[in-house]
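Single-structure report; data block below.
Every read-out reported here was derived from the displayed coordinates using simple, explicitly stated rules and does not represent laboratory data. Since we're looking at a predicted model, the values are computed, not measured. Every residue, glycine as well, gets a Cβ built from its backbone with ideal geometry; the counts of neighbours run over all protein chains shown.
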Amino acid sequence: MKSKKLASVLALMVTAWMVSSCEKMVLSESAKSEEAAGANVVLRVASFEMEEFGHATRADIADLCSRLTFVVYNDEGEKLKTVLQKEGDSDFGAVSMTLAEGDYNLCVFAHSSNGNPSLSDLSKIKFENKMGFSDTFHYFGRLSVGESRQEVKLKLKRITSLFRFIITDDFPSNVTKLNFRYTGGSGAFDAATGYGSVKSQQSVDFSIDGNQKQFDLYTILWEDTAKLKFTVTAYDASNEIVKKQEFADVPMQRNMITKYTGSFFSGTSSSGSSEGFSFVLEVEGEWGGEQSYRN
């Protein structure tokens, strides 16, 4: 009898907890709506580079990035508000906040890196890059807050360039890893300019299963154009080098794709020269502009 009463009490407690949890979830959404209604500033992502959304949906934005970072700071560089969003958030792409009247600096960037960037130094925004950098978009501007509520539509511009490496021949059966090491770009950028601010040597590994033939490497340049050096190395399971090839003076441009297509494991001389190889700098999808290059 006691056990039945205890079971009933426990069932009631679980039910009450479930109802309470559901109520809290509803209240949380309601509170968020009320906060948005009472906020005096609404920031809304409206476009990425040349991709106009009109009435942007979370799905539109998630097609180009999985994380958004909004930072408001004063003229002394002190961070006043930071909002981090990720794909799946109910308010992804829109931020409501309350700010005192005055002028501020607003920085927003969108990316798909593994985690949120380091914001300790706004002149050196750094991303986790074990898996390589992602396509990254940026906005910087003045935000003037007055008595009236305002909505600011933001246009983010791409700050990255992309090296696309496509192998047309087959991988030798003993190759298990492909490493890309490159210099000339930056591992961080300035929040105010969107340009690189830290000289770095970047390295990215790809595990090889024989099916992947295209490898994309994003980087942030110090200015609109630059020449980078890429070294591509294939390793076996014992970490012994199977093939190594250096590509010097690779032309890179902000918001452009430098694409290399060709044989990597065959068609080269024993000295490793790239004779017969070709680079093509071109636009794909939403990337703007087009230019061709051959060495």
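Going by how many other Cβ atoms sit within 10 Å of their own, how do Leu43, Leu162 line up, fewest first?
With the sparsest Cβ surroundings first, the list reads Leu162, Leu43.
What trypsin sites (Lys or Arg not before Pro) does the stretch 144-179 have in DSSP loop regions with at most 16 other beta carbons within 10 Å?
Of the trypsin sites (Lys or Arg not before Pro), the ones in loops of the stretch 144-179 whose Cβ has at most 16 other Cβ atoms within 10 Å are Arg149.
I'd like to know which of Ile166, Ala192, Thr261 lies farthest towards the positive end of the charge dipole of the stretch 161-282, counting +1 on Cβ of Lys and Arg and -1 on Cβ of Asp and Glu.
Toward the positive end, the furthest listed residue is Ala192.
Here are some pairs, Lys153/Lys177; Lys157/Lys243; Lys155/Lys244; Lys86/Lys124; which of them have Cα atoms lying more than 32 Å apart in this structure?
Where the Cα-Cα span goes over 32 Å, the pairs concerned are Lys153/Lys177; Lys157/Lys243; Lys155/Lys244.
So which GluC sites (Glu not before Pro) in the stretch 192-255 pass both tests, a DSSP loop state and at most 12 other Cβ atoms within 10 Å of the Cβ?
Glu223, Glu240
Would you compute the Debye intensity of the stretch 161-282 from its alpha-carbon atoms alone, equal scatterers and no solvent, and pass along log10 I(q)/I(0) at q = 0.10, 0.14, 0.22 Å⁻¹ to two decimals?
These q points yield log10 I(q)/I(0) values of -0.32, -0.61, -1.30.
Which far-off residues, 5 or more places away or on another chain, put their amide H under 5 Å from the one on Ala188, with H placed in the peptide plane?
Amide H neighbours of Ala188: Ser197, Val198.
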